[in-house]
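Participant: Below: one structure in structure tokens.
Coordinate-derived values only; no laboratory data. Because the structure is a prediction, the values reported are computed rather than measured. Reconstructed Cβ throughout: ideal geometry from the backbone, glycine too, with neighbour counts over all protein chains shown.
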Amino acid sequence: MIRRNSQPSGDNSGVVNYGAMGNVQNQPGATNSLQSQTNTGAGPDQLKEFSALLDRIRHQLAAEQGRVNDYQQCVVLLDLTTQQRLDDTGGRSTATTMLEQILVKCDGVPGLVSLLTSALSLIATIA
């Protein structure tokens, strides 16, 4: 029988996470929980994934240009984003800012919002 607001028995009621992974989030209401996170930088797989995401964003922007505020400005921002180095703090910051600006202009276009959010999440995992 499961009771509401009950804690599991034992020393740890949360999730124990170790190793290299994406952003770690603790279980709500966890007690005596241990977690650690190591961001390992921009590896070749992450850079390829980011490049592929930008290509998908470009394609989706073109397909949805009638629903996007200032389509041409979004294309320029995306072009500038592709030139940023993600292995550099300044490059990640600039890419994040540009993608956030595109996101504002694409608000309400679900496919674009999802792709842009994925790109922003990927940048956040690179340290």
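Participant: As an exercise: evaluate residue 67 against (1) more than 17 Å from the chain's Cα centre (by Cα); (2) charged (D, E, K, R); (3) more than 16 Å from residue 105 (Cα to Cα) and give the number of the one condition it does not meet.
Facilitator: Tallying (1) more than 17 Å from the chain's Cα centre (by Cα); (2) charged (D, E, K, R); (3) more than 16 Å from residue 105 (Cα to Cα), residue 67 fails exactly one: (3).
Participant: Can we say residue 56 is within 16 Å of the chain's Cα centre (by Cα), surrounded by 13 or more Cβ atoms within 10 Å (Cβ to Cβ) and over 16 Å from residue 124 (Cβ atoms)?
Facilitator: yes
Participant: Looking only at residues that are in contact with a helix residue (DSSP H, G or I) (Cβ under 7 Å, 6 or more places away or on another chain) and without any contact (Cβ under 8 Å) to a residue 60 or more places away in the chain in the range 109-127, which one is farthest from residue 60 (Cα to Cα)?
Facilitator: Looking at the filtered set, the residue picked out is 120.
Participant: Anything in the range 81-106 that is closer than 13 Å to residue 51 by Cα and surrounded by fewer than 17 Cβ atoms within 10 Å (Cβ to Cβ)? List them, or say none.
Facilitator: Within the range 81-106, 82, 83, 85 qualify.
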